[in-house]
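The values are calculated or read from the model by the stated rules, or taken from the named source; none is laboratory data. These numbers were taken from a predicted model, which means no experiment stands behind them. Note that each Cβ is placed from the backbone with ideal geometry, even for glycine, and that neighbours are counted across all protein chains shown. Areas reflect the complete protein model, heavy atoms only, side chains present, ligands, DNA and RNA absent. Shrake-Rupley method; radii C 1.70, N 1.55, O 1.52, S 1.80 Å.
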Amino acid sequence: MFLAAEHFVRAPDWEWFILGYFFLAGLSGGSYVIATLLRLSGDPRDEPAARTAFYASFVLILLCPVLLTADLGAGWWKFWHMLVNVTPGNAGLNFKYWSPMSVGVWLLLVFSIFAGLSALGAWLADRRGREGPPLFGPLSVAFNLVGALAGLFLASYTGVLLSVSNQPVWSDTWTLGGLFLASGLSGAAALIALLTRYRREAVYSLLRLRMADGYFSLLELILVIAFFVTVVNAGTGARTIATAPLWALALVGLAASLVGLRAEGRRMRPSGGGGGGAAVASVGANAVLVSVLVLIGVLALRAAVIFSGQ
Amino acid sequence: MEIKAGESYGFFTDTSVCIGCKACEVACKEWNQLEGNEPAFLADSFDNTGQLDAQNWRHVKFYDKVPDRPATTGNGTAFLMMSDVCKHCQHASCMEVCPTNAIIRTEFNTVFIQQDVCNGCRNCVAACPYSVIGINQKTGTAHKCTLCYDRLQGGLEPACAKACPTQSIQFGPLAQLQQTADARLEALHSQGATQAQLYGRDDKVYGGLNAFFLLMDKPEAYGLPNAENAVLPSRNNIGGYVGAVITAVVGVVAGLVAFRRRGMA
Ligand code: SF4
Ligand code: SF4
């Protein structure tokens with residue numbers, strides 16, 4: 001299926017806006033998934049971190065359409081042409097399941113609704129000073145589950161979109177969807193870990209957020225290896241050389257969270273608890289550093305992929 | 001020739017008789033009011049156009065294989081010339097990915113980008129395997145050869161074919177062009193030019209090309225993907241999504257394992 005294709009194709013010049021979009025979409029989708037997983041943990045003390053993640057997911061998704069529309073050559077106001085067919089005599093909605101850009105636009109819309117309502121729910125609960133489980137109990141968890149599915153799609157389809165082309169590197173590998181998803185989840189875990197600094201009760205989930213970040217990074221590492229194997233196999237590996245510094249940054253982010261995973265693993269083993277006070281205090285300072293490195297890595301990974309292909 | 005809606009039209013470009021005069025490029029620009037790019041010296045044989053893009057919908061390629069000390073006359077292959085153009089693919093990669101449906105198949109079975117529908121997302125640029133489409137800097141939309149859609153509607157043949165002095169570019173109903181091409185290939189083969197081959201005449205390349213070629217070397221020599229490499233973007237959907245789904249399942253399980261871990265304090 002993945003041929004060692006000779007590529008005679010032109011680059012689409014998808015650059016900074018698209019990089020920004022890929023980054024924010026990955027973090028937003030990832031944050032929503034993490035918020036939902038925190039709710040599924042069954043511990044009401046994870047609720048503050050979950051709400052923080054819902055807020056993050058919503059704020060980030062607000063920026064996405066701005067970047068996407070700014071990238072359109074014909075003007076941002078023509079964005080709706082992706083949703084509605086304006087061909088004379090052929091009016092109707094545009095949806096092509098075989099074109100990830102077409103599917104993605106719809107999912108972005110759907111996800112935004114979920115992110116908006118979930119953030120609203122979190123805000124209402126916060127305002128009423130409610131602790132513990134979400135408003136409307138199981139119903140809202142079911143709602144979150146559907147939103148999380150959309151979040152998983154949003155964080156991954158951008159990679160598939162690149163692959164569904166005839167560009168070198170991008171179309172030579174099946175790994176990009178998974179790779180962007182794993183790195184989006186890892187980045188989101190790092191982001192929420194960082195944000196727990198601004199919400200005291202959320203600190204309870206900090207150590208396990210670090211652990212989750214580590215697991216996601218492990219998954220990402222496997223996919224990075226698979227990426228290089230497939231691309232080298234297709235004969236376009238040399239194109240990644242020019243982006244070596246970006247790959248290096250991405251690997252630094254990966255390494256940071258894997259080192260974090262080891263440390264957290266040790267901390268959890270004796271009697272650290274999901275968030276024992278002393279353990280949390282000591283993890284605070286390097287948590288910031290790890291989170292920042294991970295987030296830079298998430299951005300660098302996307303930049304490396306985008307600029308290796310064109 | 002009467003041009004009728006509902007019939008398939010195309011170009012048969014016979015590179016063996018191209019003399020590299022670029023009349024097609026000029027005629028195309030004149031009719032379509034293309035301003036052309038800023039002149040630049042490319043130092044690339046007789047090619048000073050460089051590539052197909054938003055301003056160049058025909059591009060005469062020059063493949064200079066003349067040996068330093070020619071021992072033979074070259075037999076028509078020492079200097080390859082080819083007037084390149086949008087292939088108006090039957091299975092068009094550009095059309096496949098376009099999210100706005102700006103790219104349509106016309107009543108002449110050609111591939112056309114509707115300028116008022118296109119929003120400049122550039123997905124088609126990443127998809128076209130022949131590097132045909134360019135973004136017009138003024139309109140921000142995707143441009144390429146229209147196979148003179150407006151002329152066909154008015155019953156006229158495309159400007160490039162009309163201007164070509166050697167009939168290297170022939171326009172007509174596809175079935176008729178295919179017959180002409182088959183006869184020409186047979187003639188060349190019988191003259192000993194066994195390397196001559198048709199490209200896009202049958203459905204092996206993108207289901208068949210409405211603008212197909214007679215080449216004097218293998219497709220790769222002209223910068224064209226061979227039949228094996230002529231693949232559509234959608235081939236990668238399944239692999240991409242399967243990879244994402246597996247990652248999603250593993251990721252969710254990993255997240256649950258991490259978050260459900262309880263302390264023993
Ligand atoms: S050659 Fe390129 S632009 Fe022309 S129809 Fe085929 S894919 Fe589309
Ligand atoms: S640039 Fe225009 S023609 Fe090309 S895919 Fe986007 S909307 Fe379609």
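Every test in (1) open to solvent by less than 30 Å² (accessible area, probe 1.4 Å); (2) within 16 Å of ligand 2 (Cβ to nearest atom); (3) polar (S, T, N, Q) is passed by residue B:168 save one, and that test is (2). Of the residues making up the range A:63-74, none is under 19 Å from residue A:23 (Cβ atoms), at the interface with another protein chain (Cβ under 9 Å from one of its Cβ atoms) and open to solvent by less than 10 Å² (accessible area, probe 1.4 Å). Filtering the range A:231-243 to residues that are within 13 Å of residue A:170 (Cα to Cα), surrounded by fewer than 18 Cβ atoms within 10 Å (Cβ to Cβ) and of a type in the set (Val, Ile, Thr) leaves only A:232.
Is there a residue in the range B:98-119 that is on the phi > 0 side of the Ramachandran plot, within 11 Å of the chain's Cα centre (by Cα) and within 11 Å of ligand 1 (Cβ to nearest atom)?
no
Has the range A:207-230 got any residue that is surrounded by fewer than 24 Cβ atoms within 10 Å (Cβ to Cβ) and in contact with an Asp or Glu (Cβ under 7 Å, 6 or more places away or on another chain)? Taking every residue of the range A:207-230 in turn, at least one turns out to be surrounded by fewer than 24 Cβ atoms within 10 Å (Cβ to Cβ) and in contact with an Asp or Glu (Cβ under 7 Å, 6 or more places away or on another chain). Of all residues in the range A:73-92, at least one satisfies being farther than 30 Å from residue B:238 by Cα, assigned to a helix (DSSP H, G or I) and not polar (S, T, N, Q). Restricting attention to the range A:117-125, does a residue exist that is within 13 Å of chain B (Cβ to nearest Cβ), polar (S, T, N, Q) and in a helix (DSSP H, G or I)? Checked the range A:117-125: no residue is within 13 Å of chain B (Cβ to nearest Cβ), polar (S, T, N, Q) and in a helix (DSSP H, G or I). Between B:161, B:126, B:196, the distinction of being crowded, with 19+ Cβ neighbours inside 10 Å, within 14 Å of chain A (Cβ to nearest Cβ) and not β-branched (Val, Ile, Thr) belongs to B:126 only.
Filter the range B:104-114 down to residues that are more than 10 Å from every other protein chain (Cβ to nearest Cβ) and in a strand (DSSP E or B) and give me whichever is nearest to residue B:211 (Cα to Cα). Spell out the reasoning first.
Filtering the range B:104-114 down to residues more than 10 Å from every other protein chain (Cβ to nearest Cβ) leaves B:105-113.
Right, trim to in a strand (DSSP E or B) and you get B:105, B:111-113.
Details: B:105: 14, B:111: 11, B:112: 13, B:113: 16 Å.
If we take residues in the range B:104-114 being more than 10 Å from every other protein chain (Cβ to nearest Cβ) and in a strand (DSSP E or B), then B:111 is nearest to residue B:211 (Cα to Cα).
Pairs linking a residue in the range B:231-255 that is farther than 19 Å from residue A:168 by Cα to a residue that is acidic (Asp, Glu) and surrounded by fewer than 18 Cβ atoms within 10 Å (Cβ to Cβ), with Cβ atoms under 9 Å and 6 or more positions apart or on different chains, do not occur. Residue B:126 - would you say it is more than 16 Å from ligand 2 (Cβ to nearest atom) and outside any loop (DSSP other than H, G, I, E, B)? Criteria not met by residue B:126. Applying the selection to the range B:199-235, what residues are within 8 Å of chain A (Cβ to nearest Cβ), in contact with a Phe, Trp or Tyr (Cβ under 7 Å, 6 or more places away or on another chain) and open to solvent by less than 10 Å² (accessible area, probe 1.4 Å)? Hits for the range B:199-235 are B:224, B:225. Can you name every residue in the range B:106-123 that is in contact (Cβ under 8 Å) with a residue 12 or more places away in the chain, open to solvent by 10 Å² or more (accessible area, probe 1.4 Å) and more than 6 Å from ligand 2 (Cβ to nearest atom)? Listed by number, the residues that qualify are B:106, B:107, B:109, B:112, B:114, B:115.
Residue by residue, here is whether (1) more than 14 Å from residue A:158 (Cβ to Cβ); (2) at pLDDT below 95; (3) open to solvent by 60 Å² or more (accessible area, probe 1.4 Å) holds:
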{"residue": "A:58", "(1), (2), (3)": "yes, no, yes"}
{"residue": "A:76", "(1), (2), (3)": "yes, yes, yes"}
{"residue": "A:82", "(1), (2), (3)": "yes, no, no"}
{"residue": "A:87", "(1), (2), (3)": "yes, yes, no"}
{"residue": "A:96", "(1), (2), (3)": "yes, no, no"}
{"residue": "A:101", "(1), (2), (3)": "no, no, no"}
{"residue": "A:104", "(1), (2), (3)": "no, no, no"}
{"residue": "A:109", "(1), (2), (3)": "yes, no, yes"}
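Condition check for residue B:131 on (1) more than 12 Å from ligand 1 (Cβ to nearest atom); (2) modelled with pLDDT of 95 or more; (3) part of a loop (DSSP other than H, G, I, E, B): one failure, at (1).
Selection of the range A:126-144 for residues being in contact (Cβ under 8 Å) with a residue 60 or more places away in the chain and either open to solvent by less than 40 Å² (accessible area, probe 1.4 Å) or assigned to a helix (DSSP H, G or I) (or both) yields A:126, A:132, A:134, A:141, A:144. Selection of first residues in the range A:150-166 that are facing chain B (nearest Cβ under 8 Å) and of second residues that are not in a helix (DSSP H, G or I), restricted to Cβ pairs under 6 Å at least 6 apart or on distinct chains, gives the following pairs, ordered by first then second residue: A:166/A:9; A:166/B:129.
Looking only at strands (runs of 3 or more DSSP E) that fall completely inside the range B:142-251, which ones have 3 or more residues that are more than 16 Å from ligand 1 (Cβ to nearest atom)?
Numbers: elements: B:169-173, B:197-199, B:211-215.
Here the list reads B:169-173.
If you go through the range B:31-53 one residue at a time, do you hit one that is away from chain A (no Cβ under 14 Å), under 16 Å from the mean Cα position of the chain (by Cα), at pLDDT 95 or above and surrounded by 15 or more Cβ atoms within 10 Å (Cβ to Cβ)? No.
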